[in-house]
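Worksheet: the structure to be examined is printed underneath.
The values are calculated or read from the model by the stated rules, or taken from the named source; none is laboratory data. Just so you know, these numbers come straight off a predicted model, no measurement behind them. FYI the Cβ positions are ideal-geometry reconstructions off the backbone, even for glycines, and counts take in every protein chain you see.
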Amino acid sequence: MSLGVVMLVHSDFARAGQMVRHWAAGGCPVMIHVDSDVDTATFDWFVANLSDLDDVRFSTRHRCEWGMWGLVAATQDAAGQLLREFAHVDRVFLASGSCLPLRPISELRDFLDGCPQTDFIESATTADVPWTVGGLDRERFTLRFPFSWKRRRRLFDNYVKFQQAIGVKRKIPKGLVPHMGSQWWCLTRKTLTAILNDPKRRKYDRYFKRVWIPDESYFQTLVRKHATRIQSRSLTLSKFDFQGKPHIFYDDHAEILRRSGCFVARKIWPNAQVLFDSFPQATTPNGPTRPSTGTVDRIFGKAVERRTRGRPGLYMHSRYPNVKKANGISAAPFSVMHGFDALFPHFENWLAQQTDAQVHGHLFAKDKAQFADRSTVFRGALSDCARLRDYNAQGFLTNLLWTTRDRYQCFMFGPTDTPSIHWMLAHDTNARVWVISGAWSIPLFLSGRTAAETRAEAAHLQRCENKFLKALNAPQAHARIRISTLADFLDNPRDTLQVLVDQIAGHKARALSDLPEMADLGGLPAYLQELKNQGMHPFLTGDLSAEMHRNAAVNSEPRSYVVGHK
Amino acid sequence: MRARRKGRELTAAQDRTSQITDTDILLFCTFRNEDIRLPYFLEYYRKLGVNHFLLVDNGSDDGGDSYVAEQPDVSLWKTNAPYGKSRFGMDWLTYLQGKYAHGQWALTVDVDEFFVYPFCDTRPLRALADWLEASEVRSFGTMMLDMYPKGQVSDAIYQRGTDPFKLANWFDPGNYTLKLNNFYHNLWIQGGPRARVFFAEKPRQAPALNKIPFVKWDRNFTYVSSTHMLLPRGLNLVYGQNGGEKTSGVLLHAKFLNTFGPRVSQEAARAQHYGDGREYKTYASEQDSSEIWCQWSEQYLNWRQLEAIGLMSKGNWA
């Protein structure tokens, strides 16, 4: 069997010449098409440079612009010429000047010999694959595209819009089902001859002249009409980025290219000297025999994802999403407890013991950030300086959560803590906010001062807390928020704390064995009543009765469902 | 206009610009008394793939000017005009960029800034420039990363011609905050050791760390404030706005070495830097406590480490 090559060249002629020599050395006749935009001097130099090779010819030159018909016309002419001039060729491989053979041509030939009568061409219906960029998939075939996308973008866009508006719908020639796929194929003489000599070719050509990017659809569609056996994949390794532009291979890709087992790869950076020196390379006995592009796919797939989605919760100089529209502001879920440490003096320690989470004190306290270990600098080299933190409170928190995303974070919050973080706590889908409203009254009560002395302070704390609650009750607040008044909480502290701990553990944790020690609330209702008598109504605490805290203590006992217990 | 007028303040000391070809990558830099840093600076950027250096010497008296003038790939201009009145040297560079860099990739950095980008250990600047060009991207964003030694800054004694990051090889990994400048569309980044140690109580004044040093230049472009932002404003959109990451790099900043102390006293007195040298005055008052290293400092390995931490991104370049 004999393999012939059609090569399309428009730049980097030195490299292209090198590639021609690879193919020629492998015993393949090469039909070269050079873009007619290339100046005569360069063309002549290129021709002269290859004049020592017998089976290298040049085909009729066309103007090849990306996305336009010229590329197909060039391919048709070159392929036809190749088949005419080299009668023994029975397989044609379409390549470009920047396609680098990774494996010796003999291995490619052996591979093809193993698959007689098979056409290798990626060809998929537009209905089934969402490959295209820019939203034009089906419409590539039903609108007209006379204007260059590269040079006359506005005209292109407007003409598309105009056609969409008036409802243009071109008729696809009878017998054809539009297919698309990689431009680079390898077809048998039989199939290619059938396509080039199709009695309706003039009609088809006329149709495809106004299709967008016909080089990705002309052969891909017609092959479905003529081929007997199609392997819908390209033998050329070629990856595309999110803009639909081919990824480029560099020296540091040598290893993954070698392991891919692919026969040909594009595009290669023209100065990637290591690649040009080391390929084509014979596969080692235990190396891959058939192309398997898993690793390559993964690497380039990741690049697309990084460019389109990025790393959630990371804010840096090349990623700055609009948080108002974003779905989740921080890098990982975290819990905020408002009022718990007022009710339970050792709540932080208790919570740290119950879970694996890192439990901070008041990260947004007025004097400084109370990191879990109370150090002055925390992970990521975050400073505990309050002024620095409050300069960009949201940045402070997103930084902390990004750096510590390997561990669940919790922190305490209170009415006097930095208010500029309220918005984020209410809107971040990762935030889990637990509030005991009115808990600020406990430290005031415990301070031993009278209601008259603490009246102003109580009013201030209640105002601040109410602002926080307002932020949490905003209609767009997407955090998981659970607010209970002090009275409601005391009604059944165990259940709330159980859910709180379960949520951090991420599953149903074991039943809480001990509850945190509660402050002594005896006399709190009387103190609150006295505040009311002073004209300061502590409405956020709920209705606290004298027995409440005693009941709370009872309710804190684990419920027993075991008959005969005690 | 302004740049052209300021251009008259320059006199060519060594003009090798006739060597510049269309595809060369050019480096622009202003310096003053940096003889000790220049050899490694030139070596670093040569290795990265800079083809020609266009330097402005602002009144050095340490011999650095004659050293660079002898280099085969350097063109040197001199001026004794005040740095502060030329927008911190940008006027002079804008003049030179307009004249020599039109249509070419230009890197604008200080002598203590070292450009790091994804794959910079295996792919030269030309590869980056080609890729940006194919992606129709005209400007490339970085963040300045302040590097510092472990221990007293004054104990990190820098030797001429050596790699400064052998000494100053620590950095703050995660304390940078961003704001959007709605007028110029650029991000304004502050943080790092300078905010943590020197500006914690006046964070508004902490120095900006966002820089856009690598640009396919056009004679209509101009840097607005140092290399922090550019005009036209579209060039400042070096960040993804919908969650995606654009490809970006870092400028390793070799400021905190033993050269820092004497420099601070000089510059604070000279008051030619931004805000009458306000920044330098702060350093001068804080100098005694100049251990910058902390428990959570990270030791520098390579660009992959920075990309994993989230201080730069490969973006779409794989």
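For (1) in a loop (DSSP other than H, G, I, E, B); (2) surrounded by fewer than 19 Cβ atoms within 10 Å (Cβ to Cβ), each residue gets a yes or a no:
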residue	(1), (2)
A:443	no, yes
A:448	yes, yes
A:452	no, yes
A:457	no, yes
A:461	no, no
A:464	no, yes
A:470	no, yes
A:474	yes, yes
A:490	no, no
Practice prompt. Sort out which residues of the stretch B:202-228 are modelled with pLDDT under 90, crowded, with 22+ Cβ neighbours inside 10 Å and part of a strand (DSSP E or B), and write them in order of number.
Written response: none
Worksheet, complete the sentence: Matching residues in the stretch B:115-134 (over 19 Å from the mean Cα position of the chain (by Cα), of a type in the set (A, V, I, L, M) and within 11 Å of chain A (Cβ to nearest Cβ)) number 2
Worksheet item: Are there any strands (runs of 3 or more DSSP E) wholly within the stretch B:1-83 with 2 or more residues that are surrounded by 21 or more Cβ atoms within 10 Å (Cβ to Cβ), and if so which?
Response: B:26-31, B:52-58, B:74-79
Worksheet item: In this structure, does residue A:439 turn out to be surrounded by fewer than 22 Cβ atoms within 10 Å (Cβ to Cβ) and touching a residue at least 12 places away in the same chain (Cβ under 8 Å)?
Response: no
Discussion item. Is it the case, given these coordinates, that residue B:196 is of a type outside the set (A, V, I, L, M), outside any loop (DSSP other than H, G, I, E, B), in contact with a strand residue (DSSP E or B) (Cβ under 7 Å, 6 or more places away or on another chain) and within 11 Å of chain A (Cβ to nearest Cβ)?
Written reply: yes
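Which of the residues spanning the stretch A:238-266 are closer than 19 Å to residue A:105 by Cα, more than 23 Å from the chain's Cα centre (by Cα) and either within 11 Å of chain B (Cβ to nearest Cβ) or among the polar types (S, T, N, Q) (or both)?
Here is the first cut: in the stretch A:238-266, the ones closer than 19 Å to residue A:105 by Cα are A:238, A:254, A:257-266.
Filter once more, keeping what is more than 23 Å from the chain's Cα centre (by Cα): A:254, A:257-266.
Within the stretch A:238-266, A:254, A:260 meet the criteria.
If I filter the stretch A:180-188 for residues that are loosely packed, with under 13 Cβ neighbours inside 10 Å and either over 30 Å from residue A:308 (Cβ atoms) or of a type in the set (Val, Ile, Thr) (or both), do I get at least one hit? Let's see the steps before the verdict.
Just the residues of the stretch A:180-188 that are loosely packed, with under 13 Cβ neighbours inside 10 Å, to begin with: none.
So far as the stretch A:180-188 goes, no, none of its residues is loosely packed, with under 13 Cβ neighbours inside 10 Å and either over 30 Å from residue A:308 (Cβ atoms) or of a type in the set (Val, Ile, Thr) (or both).
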Practice prompt. Would you mind stating whether residue B:91 is charged (D, E, K, R) and buried (at least 18 other Cβ atoms within 10 Å of the Cβ)?
Written response: yes
Worksheet item: Of the residues A:28, A:64, which is within 19 Å of residue A:217 (Cβ to Cβ) and within 43 Å of the chain's Cα centre (by Cα)?
Response: A:64
Worksheet entry | Positions within the stretch B:204-213 being within 13 Å of chain A (Cβ to nearest Cβ) and within 26 Å of residue B:116 (Cβ to Cβ), in sequence order | B:206, B:208, B:209, B:210, B:211, B:212, B:213
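Picking from A:147, A:120, which residue would you name as being of a type outside the set (Asp, Glu) and either modelled with pLDDT under 85 or over 32 Å from the mean Cα position of the chain (by Cα) (or both)? Outline the logic, then answer.
Numbers: A:120 fails: either modelled with pLDDT under 85 or over 32 Å from the mean Cα position of the chain (by Cα) (or both).
The unique qualifying residue is A:147.
One line per residue, one yes/no per condition, for (1) part of a loop (DSSP other than H, G, I, E, B); (2) in contact with a His (Cβ under 8 Å, 6 or more places away or on another chain):
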{"position": "A:32", "(1), (2)": "no, no"}
{"position": "A:51", "(1), (2)": "yes, no"}
{"position": "A:73", "(1), (2)": "no, yes"}
{"position": "A:88", "(1), (2)": "yes, no"}
{"position": "A:109", "(1), (2)": "no, no"}
Worksheet item: How many residues does the stretch B:237-274 contain that are touching a Phe, Trp or Tyr at 6+ places or on another chain (Cβ under 7 Å) and more than 11 Å from every other protein chain (Cβ to nearest Cβ)?
Response: 12
Fill in: Those helices (runs of 4 or more DSSP H) lying entirely in the stretch A:187-265 with at least 3 residues within 21 Å of residue A:297 (Cβ to Cβ)
A:254-260
Worksheet, complete the sentence: Being surrounded by 19 or more Cβ atoms within 10 Å (Cβ to Cβ) and among the polar types (S, T, N, Q) narrows B:162, B:142, B:122 down to just B:142
Response to the item:
When every residue in the stretch A:311-351 that is buried (at least 19 other Cβ atoms within 10 Å of the Cβ) and of a type in the set (S, T, N, Q) is compared, the one nearest to the other protein chains (Cβ to nearest Cβ) is A:318
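Here's the yes/no breakdown for (1) of a type outside the set (S, T, N, Q); (2) within 22 Å of residue A:82 (Cα to Cα); (3) surrounded by 14 or more Cβ atoms within 10 Å (Cβ to Cβ):
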position: A:214; (1), (2), (3): yes, yes, yes
position: A:221; (1), (2), (3): no, yes, yes
position: A:241; (1), (2), (3): yes, no, yes
position: A:249; (1), (2), (3): yes, no, yes
position: A:259; (1), (2), (3): yes, no, yes
position: A:264; (1), (2), (3): yes, yes, yes
Worksheet item: Given (1) of a type in the set (A, V, I, L, M); (2) under 30 Å from residue A:140 (Cα atoms); (3) outside any helix (DSSP H, G or I), where does residue A:79 come up short, assuming only one miss?
Response: (3)
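Output yes when any residue across the stretch A:409-424 is facing chain B (nearest Cβ under 10 Å), under 25 Å from the mean Cα position of the chain (by Cα) and either surrounded by fewer than 21 Cβ atoms within 10 Å (Cβ to Cβ) or in a helix (DSSP H, G or I) (or both), and no when none is. Lay out the reasoning, then the answer.
To start, the set of residues in the stretch A:409-424 that are facing chain B (nearest Cβ under 10 Å) comprises none.
No, every residue in the stretch A:409-424 fails to be facing chain B (nearest Cβ under 10 Å), under 25 Å from the mean Cα position of the chain (by Cα) and either surrounded by fewer than 21 Cβ atoms within 10 Å (Cβ to Cβ) or in a helix (DSSP H, G or I) (or both).
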Item to complete: Quick one: which residue in B:44, B:117, B:67, B:95 is assigned by TED's automatic domain parsing to the domain that holds residue B:251 and either of a type in the set (Phe, Trp, Tyr) or modelled with pLDDT under 95 (or both)?
Response: B:117
